[in-house]
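Below you'll find the structure, written out as structure tokens, and then a few comments.
The values are calculated or read from the model by the stated rules, or taken from the named source; none is laboratory data. Keep in mind that this is a model prediction, so the values were computed, not measured. Don't worry about glycine lacking a Cβ; one is built from the backbone with ideal geometry, like all the others, and counts go over all protein chains shown. What goes into the accessible areas is simple: the full protein's heavy atoms, side chains included, and nothing from ligands, DNA or RNA. Shrake-Rupley method; radii C 1.70, N 1.55, O 1.52, S 1.80 Å.
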Amino acid sequence: MSSQNWYPQAGRNAHYARRQMLRGGAALGALGALSACTGAGKVASAGPAPRRPYLTPMRVTPDQLIDMKCCIRPVRAAGPNLGTQMIGDTLVVHNYGHGGSGWSLSWGSAEVAVGKALSVLPSEIAVVGCGIIGLTTAVVAQRAGLKVTIYTRDVIQRTRSFRAHGSFTPDSRVALSAPAGAGFGDLWEQMTRLSWKGFRSMLGLPGDPVVFQDAFALSDAPPVKKHHDADPAIKGAWEPGGLPLQESEWAHYMDRIKDLVPDPVMLEAGENPFPVAYTRRSSEMHFNFPSYAHHLLTEFYQRGGLMVMRDFNDPSQYGQLKEKVVINATGYAARDLWRDKTVFPVRGQTGWLVPQHDASYSLRYKNASLMAKNDGIVVMNNPIDLGEMFGVGDSMELPDPAPILEVMKIVEPIMAGMKGIA
Amino acid sequence: MGGLKWVLAGALTLAAVPVNAGTANGVYTEAQAAEGAAVFAERCAMCHGKQAEGTWEVPALKGKFMANWGRESVAALSDYLGRAMPQFAPGTLEPKDNGRLVAYLLKINGHPAGAKPLPEDHAALAAIRIDPLAATTVK
Ligand SMILES: Cc1cc2nc3c(=O)[nH]c(=O)nc-3n(C[C@H](O)[C@H](O)[C@H](O)COP(=O)(O)OP(=O)(O)OC[C@H]3O[C@@H](n4cnc5c(N)ncnc54)[C@H](O)[C@@H]3O)c2cc1C
């Protein structure tokens, strides 16, 4: 990806400066300085004085909006279903209900499901569903030596998975803490760490299926850490209605993987390219759906995988497949097909602007979120005050451009006021 | 599943082995597995994870583990542990800890406990097969 990110550039400058020092004969002093900056952890602080980077402004006028997508997050109150059940003489291993974290948990969740399937030593299995969960599961099963047939209504490009945002958000609406219970945290961490390694193994592949880039959080007032305290005025919880009533009911686990995720840094006034008082930079990892799907599908077919287009109307049909072990990866559709009423919808929608490869960064300001990807700049309108409650219980899956256009308007003056190198 | 086929093949080729000599029949005791859990926590968990879940680099001792060891004899697994594990100090497991670990691994992979402990005698261990799980018992 042609990157205009300034941070690596600054890193290179710092490295160059150190080399110059070494060459200048001040070896001992330079080594001392090197170890001092290693100890401090933040190499950037030992480099040249911070300079304002040049970032290409994103084009956010309404005419740039080339696509709208809407999708339902398949949230399951207790977290993803990885349980098993028998349909006749067929072992069904479930792998659905990943909420707003399906992409992020895909490798780890597949590993758990495939592990269960392997315990009866099958030589072939079926996977139902070809979203990110089903397709990843199929490839993981093949890597474990199994012959795999995918049965599905749609191939990944036409699934809900392709209508997501697609960044690494492994605890986004993944479960409600009460029904998930204390034990789910360990499983979550296991799946997340494994997935992280899976994504790492895809960085730098042709087409950039997985990418790291700078993400900027802009605000007019000093940023405050969000708390999820329960509101005592709200009585009751997700039961019996089946839906959470407030933010404090959602489970959060990101603290468990602090060691993986880089720290955010506040930009000093001199290095802030945006016309706002406060800008915080962090690193985000995201997935480019078209090339990601291409890589997985290529591996699936090269390993001899078979794809059968089929729509199931009843769980009993799983028992009629010739494969006697079936992994069920039907996402939100499992709510109806498997009558799992603990799955509830959380609607979300994205607008897509013309791809702009010279503007590879992400930005959040007020309710606006923009992230530059290979196939377009993805725009969301996420009301800050509603947080994870936004879209809960809403299964209307038609897009509505108005809220997207609204946040594009908020960001327009930010883009117009961006500054170049100081 | 392939269980019946195996039993038939086993009966033909290994006539000396009783046909029920598989891990599905309860070949270790709960007490043995509990002792194995303690050994595991001390000698194995630092690499394979507290729940034997493994990492991207270190094999899990559940899940794919069964595909690796299924249809082998318990002796093969036990010998391997004794020979190659822990990888940073191979050959340092006490023989009786070895047996306890095997019991623990069978347990966490869904094989039932029984009334009798795993035998110490190598030939007897070699006669016990690691069975595939019955589909109805997979959790
Ligand atoms: C707006 C939005 C943003 C999101 N952002 C992120 C994000 O940034 N990061 C992240 O990790 N996650 C994100 N998610 C969540 C993520 O998209 C989901 O968790 C994930 O797509 C679930 O994948 P899946 O494969 O289980 O389901 P799906 O993609 O729905 O796939 C289900 C598959 O099953 C098939 N199927 C269904 N029913 C049947 C049937 N009856 N017969 C045959 N086949 C059937 C379908 O055709 C499809 O192939 C977001 C979701 C939304 C809505």
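Values for this structure:
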{"quantity": "Directionally averaged projected area (convex hull, Cα atoms, region A:121-206), nm²", "calculated": "7.5 nm²"}
{"quantity": "Helix-derived mean residue ellipticity, 222 nm - over chain B, DSSP H n ≥ 4, -39500 (n - 2.57), to 500", "calculated": "-13500 deg cm²/dmol"}
{"quantity": "Extension reserve of the A:Ala269-A:Arg256 stretch, reckoned as 0.36 nm per residue once the Cα distance is removed", "calculated": "1.5 nm"}
{"quantity": "Quotient of C-alpha Rg and 2.2 N^0.38 Å, computed over chain A", "calculated": "1.06"}
{"quantity": "Proximal charge balance of A:Phe390 [Cβ under 13 Å; K/R count +1, D/E count -1]", "calculated": "-1"}
{"quantity": "Anchor A:Lys341: aspartates and glutamates whose Cα lies under 13 Å away (excluding residues fewer than 8 positions away in-chain)", "calculated": "A:Glu239"}
{"quantity": "Qualifying aspartates and glutamates (Cα of each under 12 Å from Cα of B:Lys116; at least 8 residues distant if same chain)", "calculated": "B:Glu30"}
{"quantity": "Where trypsin sites (Lys or Arg not before Pro) fall in DSSP loop in region A:232-313, at most 15 other Cβ within 10 Å", "calculated": "A:Lys235, A:Lys258, A:Arg310"}
{"quantity": "Dimensions in Å of region B:25-125 - Rg and Dmax from alpha carbons", "calculated": "12.5, 37"}
{"quantity": "Rounded to the nearest 20 debye, dipole of chain A from Cβ charges on Lys, Arg, Asp, Glu", "calculated": "1100 debye"}
{"quantity": "Region B:25-125 - percent relative contact order, Cα under 8 Å, separation 6 or more", "calculated": "45 percent"}
{"quantity": "Cα-based helix-to-principal-axis angle, A:132-143 vs chain A, degrees rounded to 10", "calculated": "80 degrees"}
{"quantity": "Part-to-part distance (alpha-carbon centres) for region A:314-385 and region A:152-194, which is given in Å", "calculated": "10 Å"}
{"quantity": "For chain A: relative contact order, % (alpha-carbon pairs under 8 angstrom, 6 or more apart)", "calculated": "26 percent"}
{"quantity": "Neighbour cut-off at most 14 other Cβ (10 Å), DSSP loop, trypsin sites (Lys or Arg not before Pro), region A:365-422", "calculated": "A:Lys419"}
{"quantity": "In region A:265-320, GluC sites (Glu not before Pro) in a DSSP loop with at most 16 other beta-carbon atoms within 10 Å", "calculated": "A:Glu268"}
{"quantity": "Within-12-Å neighbourhood charge of A:Ser248 [Cβ basis; K, R +1; D, E -1]", "calculated": "-4"}
{"quantity": "Computed helical MRE - 222 nm, chain A, DSSP H runs ≥ 4 contributing -39500 (n - 2.57), nearest 500", "calculated": "-8500 deg cm²/dmol"}
{"quantity": "Ranking by accessible area, most exposed first, for A:Phe162, A:Phe199 with a 1.4 Å probe", "calculated": "A:Phe162, A:Phe199"}
{"quantity": "Tensor-based shape of region A:222-326 (alpha-carbon gyration tensor, a/c under 1.5 rounded, otherwise prolate or oblate)", "calculated": "oblate"}
{"quantity": "More than 18 Å apart - percent of Cα-Cα pairs taken over region B:76-139", "calculated": "40 percent"}
{"quantity": "Nearest-10 value in Å² for the accessible area of A:Asp314, using the 1.4 Å probe", "calculated": "60 Å²"}
{"quantity": "Förster radius 25 Å - calculated FRET efficiency between A:Ile66 and A:Asp385 (Cβ-Cβ, nearest 0.05)", "calculated": "0.25"}
{"quantity": "Accessible area per residue, Å², the protein assembly as shown with all protein chains present, probe 1.4 Å", "calculated": "46 Å²"}
{"quantity": "On Cα atoms only, tilt of A:401-416 relative to the major axis of chain A in degrees", "calculated": "20 degrees"}
{"quantity": "Aspartates and glutamates with Cα under 16 Å of A:Lys225, excluding same-chain neighbours fewer than 8 positions away", "calculated": "A:Glu247, A:Asp255, A:Asp263, A:Asp385, A:Glu388"}
{"quantity": "List A:Phe344, B:Phe88, A:Phe168, ordered by accessible area with a 1.4 Å probe, largest first", "calculated": "B:Phe88, A:Phe168, A:Phe344"}
{"quantity": "Relative contact order of region A:222-296, defined on C-alpha pairs under 8 angstrom at six or more residues apart (%)", "calculated": "21 percent"}
{"quantity": "Exposure of A:His227 as accessible area (Å², to 10), given a probe of 1.4 Å and all protein chains", "calculated": "130 Å²"}
{"quantity": "Of all accessible heavy-atom area on chain A, the percent that carbon and sulfur account for (1.4 Å)", "calculated": "56 percent"}
{"quantity": "Angle in degrees between helix A:102-118 and the longest Cα principal axis of chain A, rounded to the nearest 10", "calculated": "40 degrees"}
{"quantity": "Debye log10 I(q)/I(0) for region A:256-403, one point scatterer per Cα, at q = 0.10, 0.14 Å⁻¹", "calculated": "-0.61, -1.06"}
{"quantity": "Of A:Lys235/B:Lys139; A:Lys197/B:Lys50; A:Lys147/A:Lys258; A:Lys69/B:Lys139, pairs whose Cα-Cα distance is over 27 Å", "calculated": "A:Lys235/B:Lys139; A:Lys147/A:Lys258; A:Lys69/B:Lys139"}
